[in-house]
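Here the structure is laid out as structure tokens; the discussion comes afterwards.
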2 protein chains.
Amino acid sequence: MKKRDLKQKTRKLKAKVKALRERLATATAGSEEAAAAPSAPRKVPAVSPLAPAGGFPALPVIDGVEFAVAEAGVRYKGRTDVMLARLAPGTAVAGVFTRSLTRAASVIDCAAKLAAGGDAGAGAAILVNSGNANAFTGRLGQESVDAISAGVASALGIPASRVFTSSTGVIGEPLPHDRILARLPDLTAALSANAIGAAARAIMTTDTFPKGAAAEYAAEGGTIRIAGIAKGSGMIAPDMATMLSYIFTDARIAPPLLQKIVSRLVEDSFNATTVDSDTSTSDALIVAATGRAASAEITDLRSAAAKAFARHLHAVMLDLAQQVVRDGEGATKFVEVRVTGATDAANARRVAMAIANSPLVKTAIAGEDANWGRVVMAIGKSGAVVERDRIAIRFGDLLVAENGWRSPDYSEEAASAYMKRDELVIAVDLGLGRAATRVWTCDLTHGYIDINADYRS
Amino acid sequence: MKKRDLKQKTRKLKAKVKALRERLATATAGSEEAAAAPSAPRKVPAVSPLAPAGGFPALPVIDGVEFAVAEAGVRYKGRTDVMLARLAPGTAVAGVFTRSLTRAASVIDCAAKLAAGGDAGAGAAILVNSGNANAFTGRLGQESVDAISAGVASALGIPASRVFTSSTGVIGEPLPHDRILARLPDLTAALSANAIGAAARAIMTTDTFPKGAAAEYAAEGGTIRIAGIAKGSGMIAPDMATMLSYIFTDARIAPPLLQKIVSRLVEDSFNATTVDSDTSTSDALIVAATGRAASAEITDLRSAAAKAFARHLHAVMLDLAQQVVRDGEGATKFVEVRVTGATDAANARRVAMAIANSPLVKTAIAGEDANWGRVVMAIGKSGAVVERDRIAIRFGDLLVAENGWRSPDYSEEAASAYMKRDELVIAVDLGLGRAATRVWTCDLTHGYIDINADYRS
């Protein structure tokens, strides 16, 4: 070979080496994920693709409620993990809690305090920490709750029996409550009517966005405002309550009536959602009504005023519950399951939840596969009263199955196109009666496994 | 640069290019996985890492049973998808089937034929196809079953009422039974006493290995042999039966007694396993006893002979059931959940299944995370009778929690080391009574989602 040719060859080889190095760099950046055995996290979107557009909503200030947050370092570093809400004297408090038999100390404590009634005139407070659930922590669990309640009571000058606490995060680790107590002076000093957004962030665990919802309506005598926050986003199959949610209103309503309304509304909002069929030890919903609105007091469950209040409160609860599903761990699809034609409400719910919790239905949705056979399977295993040949199944408006088999109008192409949407409706008519229900869920993706295969470390 | 140096440089660059190409090839092979969005399949092991060592076992020939397989092209190409088993005159047949309310036509047909009794003296046959479940196929479903039954009956000279069929695969697609009928002459001609291994392969769907198990023992008068096959490997939460399993024996036993024994044994074998909590529309277990053994007839459920037979039959059923779990879609860990100290059997089972079916427990196991808090959660949501402070939890022999919180002896290091094993025991003592149970499951991995996010296409 001539020297000139050799030089040219060397140049070409150098260029080749450079190109290969670049391709290798690109490939290796990818292969951090490739190396992901089940235990190594892959990239999970920073924010759920199903998050509401526009970010955290503008929530109205609720007269009589103030918030503060702090970085106590319970588990997380470099982020807020404690929120304190002060409720003015006269605030009515209601709550619904998980029925789990291994529920957390704070849940047991809140339920007991609410059952005991307590002095609404004295004011109240809610303190929530994220990072540690203080669940299955034995005697230490109640000690932590007592210490926090006493600390908050003393800082705010209210009875400890009016301090409601929640803890969310890892189960089975003693809660380092001293870290929270150490922040109480700062928290008390920082209380502000405008910090509900910061509060929504402080209670997050694996949530990818803070969750808020509000309603505002004209009642007799004046406007009533409702503002709430919630957190998810795994271990979500609420049983009598949910994850954590705190809703505030200035409505004038006595505690027993507020409790009745809240207990009734939870069934078709928080309890109608599921991410993964696993029920948290910490589920808690607390609704606080400060009574500061100029509107008339709501005194009768059957009154138009109570119905209007319930309607707006339900809208806030459902909005928050759906946001929790939209932030379901790894979720890429938001799914409404509608069941109609059931013999009764219990059977409608059994069918809806069997579909919403089926791993095979949820993985098919993740894969955008119009696998309606798995919906059939889920209906069949539900144990509900069904007759195979009366079932009709729709994906959105597309009739996919009826009379015991695939609809003659079924188009795989149309069904597959529908499955590409972010928001899906799976509708099942059982053809037997008049009962109906709706529940909400998300798909089951690699992201769920990434997040949960190595949550603690 | 001198020509010699240039030559040397060129050689070096060539070597560099070669090395970079190799590294790139390696990196790119990995990044097929990296590119795996939820919908794109990643590499799933060709054979489950939990498959029994040594491959398909040597199964004894059962006198009076012959097998044949064929490629009918029901759905799969280039593999066998139909198996025919001919059972000699005098064979007693028993069966247990899914309780799903959307069960397949063949399941309904088998159950009806067994309930009707039929003429055991006439001989019998089992025909199974893979690739299509013939479930939720309406009127066409029964027509396919009738056509296959009539075809097999005519080919073998037995009544159609003694032809038992099963179908496994996609739900909701009409079964192209003509393709099966077209292969009947070949199947009949190929019947052989030695083809049970081929039969085990022909019934596979997403299974990664064929499943067989056997027992052989000395009974009064002669040896009794039992040989069985089964298939999984998703939609596994058997309800009153399981996936598909066919067990053959030469024992002499009348159909009613055989049915009693099989129905009883299924509870602690197939019904004690779960892969994904989803119950198939096609679950079927058929046990056929040809009566060709020289041993004495088994006539009394309480006799030593019946007990010995039940013990060996149970071993075969449990072995097959566990193989199905070992081949659970995407499984990398085989998990035994032991519950002791329950107030009764139902509560023991409720706790065991809540743990075995929890997505959060199963993803933690996939991630080798000793997240015993999730076991606490699952116990809590089970709805079983439990007292938080009496629960003890062990991973293998390691005591992790007792008296309502983490054991003082708990070592995260030891627990983490234990979780790296392929086979795990999660043991829960409820501390309340004497009832106990064991169930078997596997972990929930990316592989499960890969397999199921796009099963149909």
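Values in this text are rule-based calculations from the coordinates and carry no lab data. Just so it is clear, the structure is predicted and the values come from calculations on it, not from any experiment. All Cβ positions, glycine included, derive from the backbone under ideal geometry; neighbour counts span all protein chains shown.
How long are the semi-axes of the equivalent ellipsoid of chain B, taking √(5λ) for every eigenvalue λ of the Cα gyration tensor, in whole Å from largest down?
Details: eigenvalues 345, 225, 81 Å².
Ellipsoid half-lengths, sorted descending, are 42, 34, 20 Å.
Calculate, axis by axis, the spread of Cα positions in region A:334-452 along the three principal axes, and write the results as whole Å, longest axis first.
Extents along the principal axes: 41, 32, 20 Å.
Out of A:P159, A:G433, A:T205, whose Cα points farthest toward the positive end of the dipole of the protein assembly as shown (charges: +1 Lys, Arg; -1 Asp, Glu; placed on Cβ)?
A:T205
Treating only the Cβ of Lys, Arg, Asp and Glu as charged (+1, +1, -1, -1), what charge dipole size does region A:65-326 show about its Cα centre? Round to the nearest 20 debye.
Working: 23 positive and 23 negative charges, 33 e Å.
Computed about the Cα centre, the dipole is about 160 debye.
Please give the average number of partner chain Cβ atoms lying within 10 Å of the Cβ of each residue in B:91-104, rounded to a whole number. Intermediate results must be reported in sequence, preceding the final value.
Working: counts 0, 0, 0, 0, 0, 0, 0, 2, 3, 9, 13, 14, 4, 1.
Across the residues of B:91-104, the mean count of other-chain Cβ atoms within 10 Å is 3.
Report the net charge of residues surrounding A:A293, where surrounding means a beta-carbon distance below 10 angstrom and charges are Lys +1, Arg +1, Asp -1, Glu -1. Walk me through the intermediate numbers first.
Values: positive: A:R225, A:R252, A:R292; negative: A:D63, A:D250, A:E297.
Cβ neighbours under 10 Å give a net charge of 0.
With θ taken as phi - 60° and the coefficients 6.51, -1.76 and 1.60, list the Karplus ³J(HN,Hα) couplings across region A:301-309 in order, rounded to whole Hz; mark glycine and proline as x.
Working through the residues one at a time gives 4, 8, 6, 4, 5, 5, 5, 5, 4 Hz.
Which ³J(HN,Hα) values, rounded to whole Hz and listed in residue order, are derived for region B:125-137 from phi using the Karplus coefficients 6.51, -1.76 and 1.60 in 6.51 cos²θ - 1.76 cosθ + 1.60 with θ = phi - 60°, glycine and proline given as x?
Karplus-based 3J(HN,Hα) across region B:125-137 equals 8, 10, 10, 10, 10, 10, x, 8, 8, 6, 10, 6, 10 Hz.
DSSP loop (so not H, G, I, E, B), at most 14 other Cβ within 10 Å: list which GluC sites (Glu not before Pro) in region A:139-227 pass both filters. Display every interim value, and only then the final one.
Values: sites: A:E143, A:E216, A:E220; in loops: A:E220.
Loop-located and lightly packed - A:E220.
Placing +1 on the Cβ of each Lys and Arg and -1 on the Cβ of each Asp and Glu in chain B, which of B:I226, B:I355, B:S382 has its Cα farthest towards the positive end of the resulting dipole?
B:I355
What percentages, rounded to whole numbers, describe P(r) for region A:65-326 computed over all alpha carbon pairs with 5 Å bin width beginning at zero?
The percentages, shortest bin first, are 1, 7, 15, 19, 21, 18, 12, 5, 2, 0.
Taking amide H positions as placed 1.01 Å from N in the peptide plane, with prolines and chain starts having none, which residues 5 or more places from B:V275, or on another chain, fall under 5 Å of its amide H?
Excluding prolines and chain starts, which carry no amide H, the hits are B:I236, B:A237.
Which whole-number percent gives the relative contact order of region B:204-316, counting Cα pairs below 8 Å spaced six or more residues apart? Don't skip to the end; give the middle numbers.
Details: 229 pairs, mean separation 37.8, N = 113.
Averaging sequence separation for qualifying contacts and normalising by length gives 33 percent for region B:204-316.
What number comes out for the charge environment of B:E402, summing +1 per Lys or Arg and -1 per Asp or Glu over other residues with Cβ under 15 Å away? Walk me through the numbers before you get to the answer.
Values: positive: A:R139, B:R388, B:R390, B:R394, B:R406; negative: B:E387, B:D389, B:D397, B:D409, B:D429.
After counting each charged neighbour, the total is 0.
What share of the DSSP beta bridges in the protein assembly as shown is antiparallel, in percent to the nearest 5? Intermediate values should be presented prior to the final figure.
Values: 100 of 146 bridges.
Just about 70 percent of them are antiparallel.
How big is the shadow of the Cα convex hull of the protein assembly as shown, averaged over all directions, in nm²? Working shown, then result.
On the way: hull surface 184.1 nm².
The directionally averaged projection comes out at 46.0 nm².
What's the Cα-based Rg to Rh of region A:48-132, Rh via Kirkwood? Don't skip to the end; give the middle numbers.
Details: Rg = 15.9 Å, Rh = 15.6 Å.
So for region A:48-132, dividing Rg by the Kirkwood Rh gives 1.02.
Hey, got the dipole for region B:86-197? About the Cα centre, +1 on K and R Cβ, -1 on D and E Cβ, debye to the nearest 20? Write out the running numbers ahead of the final one.
Working: 8 positive and 7 negative charges, 41 e Å.
Using only the charged Cβ atoms, the result is roughly 200 debye.
Taking B:S154 in one copy and the same position in all the others, each labelled 7 Å out along Cα→Cβ, what are the pairwise distances from the first, in nm, shortest first?
The answer, with the shortest distance listed first, is 9.2 nm.
Can you give me the Cα centroid spacing of region B:387-457 and region B:154-183 in angstrom?
42
Distances from A:R421 to the same position in the other copies: list them in nm, one decimal, shortest first, using label points 7 Å from Cα along Cα→Cβ.
5.0
Amide H of B:D443 versus every other amide H placed in the peptide plane: which residues, excluding those fewer than 5 positions away on the same chain, fall under 5 Å?
B:T332, B:K333
Please list, ordered by chain and number, the residues whose modelled amide H lies under 5 Å from the amide H of B:E220; skip anything fewer than 5 residues away on the same chain.
B:A296
Convert each backbone phi in region A:187-196 into a coupling constant with the Karplus relation 6.51 cos²θ - 1.76 cosθ + 1.60 (shift: θ = phi - 60°), then list the ³J(HN,Hα) values in order as whole Hz, x for Gly and Pro.
Using θ = phi - 60°, the values come out as 4, 4, 5, 8, 3, 8, 5, 9, 9, 5 Hz.
May I ask you to derive the FRET efficiency for B:A46 and A:T299 from their Cβ-Cβ distance with R0 = 60 Å, giving the value to the nearest 0.05? Don't skip to the answer; put the middle values down first.
Numbers: r = 70 Å, r/R0 = 1.17.
The calculated FRET efficiency here is 0.30.
Along Cα-to-Cβ, 7 Å out, sits the label point; list in nm, shortest first, how far the one on B:K12 is from those in the other copies.
Once sorted, the set of distances for B:K12 reads 2.1 nm.
Which entries of A:K231/B:K333; A:K260/A:K307; A:K211/A:K260; A:K381/A:K420; A:K7/B:K14; A:K113/A:K260 show an alpha-carbon separation above 21 angstrom in the structure shown?
A:K231/B:K333; A:K211/A:K260; A:K381/A:K420
Can you compute the charge dipole magnitude of chain B about its Cα centre, using +1 on each Lys and Arg Cβ and -1 on each Asp and Glu Cβ, nothing else charged? Give it in debye, rounded to the nearest 20.
On the way: 53 positive and 47 negative charges, 479 e Å.
Here the size comes out at about 2300 debye.
Which distance in Å, rounded to a whole number, links the C-alpha centroids of region B:243-271 and region B:97-146?
Cα centroid to Cα centroid, the span is 18 Å.
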